[in-house]
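Report on the following structure.
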Amino acid sequence: MVTEKDIISRLKTGMVSLPPLELRLASQQERSGERRMDAIIQACWGDQREEFAVELKAQSTPRVLREAMYKVRAAARHMELNPMVIVPYLNEDALRELESEGVSGVDLCGNGIVAVPGRMLVYRTGNPNRFPSSAPIKNIYRKNTSMVGRLFLVQPGFNQVKEILEEINRRNLLAGWTGRSMALSTVSKALKVLEDDLIVGRKGSSAVLLQAEKLLDRLVENYTEPKVGPVINWKLPVPTGGNKREDILQEAFRSSLPAVVAGISSVSRYAAMQPEDTIRIYTPDPKQWLTNLPGAQSDRFPTLSIIQTEEASVYFDGRTDEKMAWASPVQTYLELMRGDKRDRETAGQLKDLILRQIGKYRP
């Protein structure tokens, strides 16, 4: 992991640059009153020179970047210099925020924005991150750890971390069957990342959702299809006497074996979309689950596709009515966003629903 000393060393040897600018270290650890800057550098472009008060950070999280921006901007104003931050990596979102806040920023990967109104403007992006995080949980927006973030889209505020853990395990339909509940340490580590990404705010032991749309976007960006085992295609008998498919399925869903309708087959519960002819259902043991159903295995125009998976995230926050268990609005949204143009257009209705429900929440 890169350190602030490493960044200073790179500045001294000319390894930090933003062509066509040349960045030169003028001095280190400058102090003006109570304000201390890590360095002063010169940005050179031909005969043009501009001096910047610089704050160095070894991390590139949104929270660290925002704190650095506020600090360097105040100090640079006092010192009558231009403000700049230097961090390991700046993505496009970070560059846009720097631009909006009037602060220059350069990373160690060749991305950055250096702006002095009316005098200098250089903007470069697109270089990959050569300094990825080495955090114990590499991606909290994917697979089972994503249940921490997903919970905030259902209940956006908590007084205690323990409440978050209890609510996750209560809403995890698979936990009772596998005996594998989420650990408090996993929740704490995920909360730290959510806080660093400015998605969740912390005050003492409480936590509150700050940016619901950003959280949804992160979940979409990192969503991967669940790891699945055998799939059994099943054909139910034609319903008679006014019964529907849901009436026949009711007995199977009463089983102690967890099962939930997949998100792509749950869309009609939340949005205006014609349901699929074949209902897809997740369960950890398809053969066992099918013992309570009439019909027979058939790959020709099946009524059901029973999909084996033990990924807890697809079962999380399943919505159970008097007959069936349906995927949560969030799981349904994520599956739709992986679909075709029509699916993604329908996903907009789910997004509106999720955000409206957050707006109605009262602690």
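Quick look at the numbers
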item	result
Answer residue from the range 312-351, given it is acidic (Asp, Glu) and modelled with pLDDT under 95 and is least open to solvent (accessible area, probe 1.4 Å) among those	Asp343
First in the range 249-263 and over 19 Å from Pro237 (Cβ atoms), second anywhere and open to solvent by 30 Å² or more (accessible area, probe 1.4 Å) and aromatic (Phe, Trp, Tyr), Cβ under 8 Å, 6 or more apart	Ser256/Trp177; Leu257/Trp177; Pro258/Trp177; Ala259/Phe253
Evaluation of Ala207 against (1) under 30 Å from Asn111 (Cβ atoms); (2) of a type in the set (A, V, I, L, M, F, W, C); (3) assigned to a strand (DSSP E or B) (one fails), failing number	(1)
Any helices (runs of 4 or more DSSP H) falling wholly within the range 61-180 and containing at least 1 residues that are buried (at least 21 other Cβ atoms within 10 Å of the Cβ), out of contact with any His (no Cβ under 9 Å at 6 or more places or on another chain) and not charged (D, E, K, R)	62-79, 92-101, 146-152, 161-171
The one condition in (1) in a loop (DSSP other than H, G, I, E, B); (2) touching a strand residue (DSSP E or B) at 6+ places or on another chain (Cβ under 8 Å); (3) open to solvent by less than 80 Å² (accessible area, probe 1.4 Å) that Ile264 fails to fulfil	(1)
Every residue from the range 36-60 that is open to solvent by less than 70 Å² (accessible area, probe 1.4 Å) and among the hydrophobic types (A, V, I, L, M, F, W, C)	Met37, Ala39, Ile40, Ile41, Ala43, Cys44, Phe52, Ala53, Val54, Leu56, Ala58
Condition broken by Pro237, with the remaining ones in (1) in a loop (DSSP other than H, G, I, E, B); (2) closer than 23 Å to Leu350 by Cα satisfied	(2)
In the range 299-311, the residues that are among the small types (Gly, Ala, Ser) and open to solvent by 30 Å² or more (accessible area, probe 1.4 Å)	none
Sole exception among (1) open to solvent by 20 Å² or more (accessible area, probe 1.4 Å); (2) over 22 Å from Met147 (Cα atoms); (3) modelled with pLDDT of 90 or more; (4) hydrophobic (A, V, I, L, M, F, W, C) for Ile248, by number	(3)
Single residue of the range 267-281 satisfying the filter (aliphatic (A, V, I, L, M) and assigned to a loop (DSSP other than H, G, I, E, B)) that is most open to solvent (accessible area, probe 1.4 Å)	Ala272
Residue count, the range 352-363 (criterion: out of contact with any Gly (no Cβ under 9 Å at 6 or more places or on another chain), open to solvent by 10 Å² or more (accessible area, probe 1.4 Å) and in contact (Cβ under 8 Å) with a residue 12 or more places away in the chain)	4
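The values are calculated or read from the model by the stated rules, or taken from the named source; none is laboratory data. This structure is a prediction, so every number in the text was calculated from the model and none was measured. Neighbour counts run over all protein chains shown; Cβ positions are idealised from the backbone, glycine included. We work out accessible area using only protein heavy atoms, side chains counted, and drop any ligands, DNA or RNA first. Shrake-Rupley method; radii C 1.70, N 1.55, O 1.52, S 1.80 Å.
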